[in-house]
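The values are calculated or read from the model by the stated rules, or taken from the named source; none is laboratory data. Just so it is clear, the model here is predicted, and its values are computed rather than measured. Ideal geometry is used to build each Cβ from the backbone, glycine not excepted, and the neighbour counts take in all protein chains shown.
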């Protein structure tokens, strides 16, 4: 008698045999994948932001090295708001930025050669140049090293539908509060724009000697991050000569409100466009209410060049999109990450070139 062993049927219709997953199992797998993605995504974002912060620090470093190369060539650090030399009274309002002056030292000699520094910067705002086989507006040409990879509005500023300016994310150190007084020097009649300047390393229309950095080149700020398209208030006058203690004091000062145009003009040497001041520590919010909305603002008492006798005081805060602080460059070219928690007195000390303060570890 022969015994036969029957093999299990592979037919999907045979009871007890399954092919594939049940709906419940599939949902469980999808849920597990979702959990894993949720766990990994923040880590990936942190890695990407860390890479952007490193790239931003490299931008700061290159800017610092360019300024030192400028100093080697000219025996002075580059100034902010460099006035044109042409005999044009109107142009005396339109001083060039430190960033525009540094272009030849950042491998941008071709672009720099298109700038006529004898004329005001507004001469460049609407000037078309040939670049990479295209006609582009000089002032609206993006300089990659001037924009942080984390900037959320890395975009050209328009005048109507036409490109007008390009923003930037690195400002020169204009000091703490006082920036410029055009009414001090007896030479004003012969040399407009020559007057008393603030305590920073990048000063209005006058480049500083390295020897003037008495507090030490490794202790003195040269550049720090700023945010593009920052709201600001300007030309209200009435600034106290003593630096205000709180953001609310500054927010309450008068002036014309501009919602989005601060730090959007890389060729304009005025403090609210291409500088910063150390009145408040990095990323301090200066909240001002306009038309029922809150804005984190900068404030400038008087734009440089808009008055023959009114001084400029400014609260132009260093800000960034990096969590916890900002990248900075010192006058010696070194680059550091300064946290938002830095002591205010220490931040002030870092912003003055000859204040005699002791700069603590940062």
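Structure notes:
- Test result for residue 181, modelled with pLDDT of 85 or more and over 21 Å from the mean Cα position of the chain (by Cα): yes
- Test for residue 260: is it assigned to a strand (DSSP E or B) and surrounded by fewer than 16 Cβ atoms within 10 Å (Cβ to Cβ): yes
- Close contacts from the range 18-39, counting a first residue that is at positive phi and surrounded by 10 or more Cβ atoms within 10 Å (Cβ to Cβ) and a second that is at pLDDT 80 or above and part of a helix (DSSP H, G or I), with Cβ to Cβ under 6 Å and a gap of 6+ residues or different chains, come to none at all.
- Answer residue from the range 305-317, given it is in contact with a helix residue (DSSP H, G or I) (Cβ under 9 Å, 6 or more places away or on another chain) and buried (at least 21 other Cβ atoms within 10 Å of the Cβ) and is nearest to residue 197 (Cα to Cα) among those: 312
- Residue check for residue 289: in a strand (DSSP E or B), under 23 Å from residue 53 (Cβ atoms), in contact with a helix residue (DSSP H, G or I) (Cβ under 9 Å, 6 or more places away or on another chain) and modelled with pLDDT of 95 or more: no
- Residue in the range 39-60 that is over 30 Å from residue 224 (Cα atoms), modelled with pLDDT under 95 and not in a helix (DSSP H, G or I) present: no
- Within the range 207-222, being surrounded by fewer than 21 Cβ atoms within 10 Å (Cβ to Cβ) and not in a loop (DSSP other than H, G, I, E, B) holds for 210, 211, 212.
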